[in-house]
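Accompanying notes for the structure given below.
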Amino acid sequence: CCVTKMAETAEPTPMAVEQDQAVAQPSETVDVSQERQLAEEVAKEQAEAKVDLQSLPTRHYLDKTVVPLLLEGLAQLAKDRPQNPVEWLAAYLLENKDKTLPGSNTTSSS
């Protein structure tokens with residue numbers, strides 16, 4: 001009577017824990033392959049987005065590539081109020097150009 005109840009409430013043995021972990025490992029490999037597949041899909045979408053940027057109307061192109069960073073720069077410019085705002089904004093844009101939206105990796109070819 002007492003032995004049965006004690007066995008029911010006993011903690012799992014280290015061997016049982018190892019077996020549970022061994023069972024969990026195949027699902028981890030599935031997660032890795034799913035992550036790889038997701039990364040490939042994201043890369044494909046980014047490549048498509050880059051091509052799509054060229055076909056967008058001007059307003060949409062600017063909204064996706066320049067406007068978000070420009071608005072950040074203008075907000076910071078309004079706070080800082082530097083002596084030469086145009087140079088300050090130009091420097092801000094150049095320093096933060098990598099903050100553009102994912103998939104809109106615009107590079108200067110000058």
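For this structure, a couple of remarks:
- GLU45 being at pLDDT 75 or above, among the charged types (D, E, K, R) and surrounded by 10 or more Cβ atoms within 10 Å (Cβ to Cβ): no
- Extreme residue, surrounded by the most Cβ atoms within 10 Å (Cβ to Cβ), among residues of the range 57-74 that are over 24 Å from the mean Cα position of the chain (by Cα) and not basic (Lys, Arg): LEU74
- Residue in the range 20-36 that is more than 21 Å from LYS99 (Cα to Cα), open to solvent by 100 Å² or more (accessible area, probe 1.4 Å), at pLDDT 90 or above and of a type outside the set (Asp, Glu) present: no
The values are calculated or read from the model by the stated rules, or taken from the named source; none is laboratory data. Predicted model, so just to flag it, every value in this text is computed and none were measured. Every residue, glycine as well, gets a Cβ built from its backbone with ideal geometry; the counts of neighbours run over all protein chains shown. All accessible areas refer to the heavy atoms of the entire protein, side chains included, with ligands and DNA or RNA removed. Shrake-Rupley method; radii C 1.70, N 1.55, O 1.52, S 1.80 Å.
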